[in-house]
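The values are calculated or read from the model by the stated rules, or taken from the named source; none is laboratory data. Quick caveat: nothing in here was measured; it's all calculated off a predicted structure. Cβ placement follows ideal geometry from the backbone for every residue including glycine, while neighbour counts extend to all protein chains displayed. For accessibility, only protein heavy atoms count, side chains too; no ligands or nucleic acids. Shrake-Rupley method; radii C 1.70, N 1.55, O 1.52, S 1.80 Å.
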Amino acid sequence: MSARFLENDRLADLLVALETEGLGEEDTRELDRLIADDPGASRDALAGAASAALLAVRVPMQPLPPSLHGRLVEQGRVTVREATAAKVVQLPRREPGTGTDAAPAGSSRLGWYAAAASLLLAVAAWWPRMSTEVPVPVAQAPAEPSYAEKRQQLLDSDSPVVQVAWSGTEDPASQEVGGDVVWDEATQTGYMRFTGLAVNDPGQEQYQLWIFDATRDDRYPVDGGVFDIPPDGGEVVVPINAGIAVREPALFAVTVEQPGGVVVSSRERIVAVAQVAAG
Amino acid sequence: MSESLMTRIARGDDSAVAACIEQYGSLVWAIARRLLRNQSDAEDAVQEIFTDVWRSAHRFDPSAGTEKVFVTTIARRRLIDRIRRVANRVQTESADVLDELGFHTPDTAADVSVEAELAARVLQTLRPEQRKVIELGLLHGLSHSEIAEATNMPLGTVKTFMRRGLIQVREKLGVSVGETEQ
């Protein structure tokens, strides 16, 4: 099975590097360009070969630690159920004056910028990473109970739920952002509620949540999932889908990323932040 | 033919989750433990990997390979990402340590997967130093530069060995698919 595109030395080198040591931003862009220029080329051209070669190594098998096994099963079931259900439910517009989700006024926003300066530097440092093919949430079909109802149930529960209002940034998508995020550490569930966050074109870009955990290095926030804001207006409630356990959330941040949540560019677009009060 | 685990997961059958973890959990854990330094990092990585598996299940194409290769590809790429961003790469190891593992023979690899068997057939034909380059890159998580340093090979040679080896494995897998289809 010949693949003429692999005769392109540079393309082949980049594909090999992708599967063995990863690519930086510049190389990723170059790979994308080369693939776009060659209709026969595929980003996954060597993925199967690399995996097969890895499987051919005598790797001593080790059983999963029991506690990890339990977490995987629990989170897996939740993820699978939610991935096949609605991802976002639209609600009627809020009545003026209701809710607790308005973004703080300018002074507190400025305060956030000052307080979060070091954190944003950490975000910038962390930026170039990210996986190649993180898939997606998407569209919406009403579910029973709705995410809005689940969110309310969470707030009404006895759990000590974290609830923090979103603050906007200077990003154009975030000018009118409001709403809040609620998170229950005990059940590792949470919901984001948005108003005024710009509608995105899922074919061009998607929003992605990152959760900064005080017990982890700020450079490596937890991936909270990818989501869309549909064009119909009103409030949108999105479930949080944390990839790993969040022990002590310190900050929730929403960014604009490539479709599927892949981050390969220098588009440092943070569109909403919600900082959890210390203590 | 029974429905694949990925197909079941993609259509929301959460009973397939536990079966998938039973099937591939030890493999993913073993790879993560090889590539990451400490248990806590490996546990976080495995959670990320399986989250990707659940979300990506709908993209599994049985004509392109087995589920084991599908899961291994997700694991491998996630771990590469993690190593790059955490700077947690296993430090360049001595040649003594690097001799620990080695490859299956085609016979023993057949117990792992059909792709592993085919890859083992290719790898068996390679020179030992070329096999070592592939092993160091894929299972020890070393960058090409680190492999060059660990083996005292020129960087260009390392890249050439890696590239030729993977392309040969790819061709072997492609031929196999063609033969199967006839």
> Got a number for residues in the range B:21-64 being farther than 26 Å from A:Arg58 by Cα and in contact (Cβ under 8 Å) with a residue 12 or more places away in the chain?
Replying inline: 4
> Among the candidates A:Arg29, A:Arg43, A:Arg10, which residue alone is in a loop (DSSP other than H, G, I, E, B) and basic (Lys, Arg)?
Replying inline: A:Arg43
> So, of the residues in the range B:50-66 that are more than 9 Å from chain A (Cβ to nearest Cβ) and either hydroxyl-bearing (Ser, Thr, Tyr) or touching a helix residue (DSSP H, G or I) at 6+ places or on another chain (Cβ under 6 Å) (or both), which turns out to be least open to solvent (accessible area, probe 1.4 Å)?
Replying inline: B:Phe60
>> Are there helices (runs of 4 or more DSSP H) fully within the range B:1-91 with at least 1 residues that are touching a His at 6+ places or on another chain (Cβ under 9 Å) and within 24 Å of A:Glu21 (Cα to Cα)? List them.
In response: B:15-35
>> Which pairs turn up if I take residues in the range B:1-20 that are without any contact (Cβ under 8 Å) to a residue 60 or more places away in the chain and look for partners that are open to solvent by 60 Å² or more (accessible area, probe 1.4 Å) and not β-branched (Val, Ile, Thr) with beta carbon separation below 7 Å, at least 6 apart in sequence or on another chain?
In response: B:Ala10/B:His58; B:Gly12/A:Arg81; B:Asp14/A:Arg77; B:Asp14/A:Arg81; B:Val17/A:Arg77
> Filtering the range B:67-82 down to residues that are more than 7 Å from every other protein chain (Cβ to nearest Cβ) and buried (at least 22 other Cβ atoms within 10 Å of the Cβ), which residue is farthest from B:Ala10 (Cα to Cα)?
Replying inline: B:Arg82
>> Please go through (1) closer than 17 Å to A:Tyr147 by Cβ; (2) outside any loop (DSSP other than H, G, I, E, B) for A:Thr187 and return the number of the only condition it doesn't satisfy.
In response: (2)
>> Name the residue that is nearest to B:Glu67 (Cα to Cα), counting only residues in the range A:29-54 that are within 12 Å of another protein chain (Cβ to nearest Cβ) and surrounded by fewer than 21 Cβ atoms within 10 Å (Cβ to Cβ).
In response: A:Asp44
> Given the conditions (1) touching a helix residue (DSSP H, G or I) at 6+ places or on another chain (Cβ under 8 Å); (2) in a loop (DSSP other than H, G, I, E, B); (3) closer than 19 Å to B:Thr51 by Cβ, and given that A:Ala253 satisfies all but one, which numbered condition is not satisfied?
Replying inline: (2)
>> I'd like the full set of residues that are open to solvent by less than 20 Å² (accessible area, probe 1.4 Å) and in contact with a strand residue (DSSP E or B) (Cβ under 8 Å, 6 or more places away or on another chain), limited to the range A:55-76.
In response: A:Ala56, A:Val57
> Within the range A:162-177, how many residues turn out to be without any contact (Cβ under 8 Å) to a residue 60 or more places away in the chain and outside any loop (DSSP other than H, G, I, E, B)?
Replying inline: 1
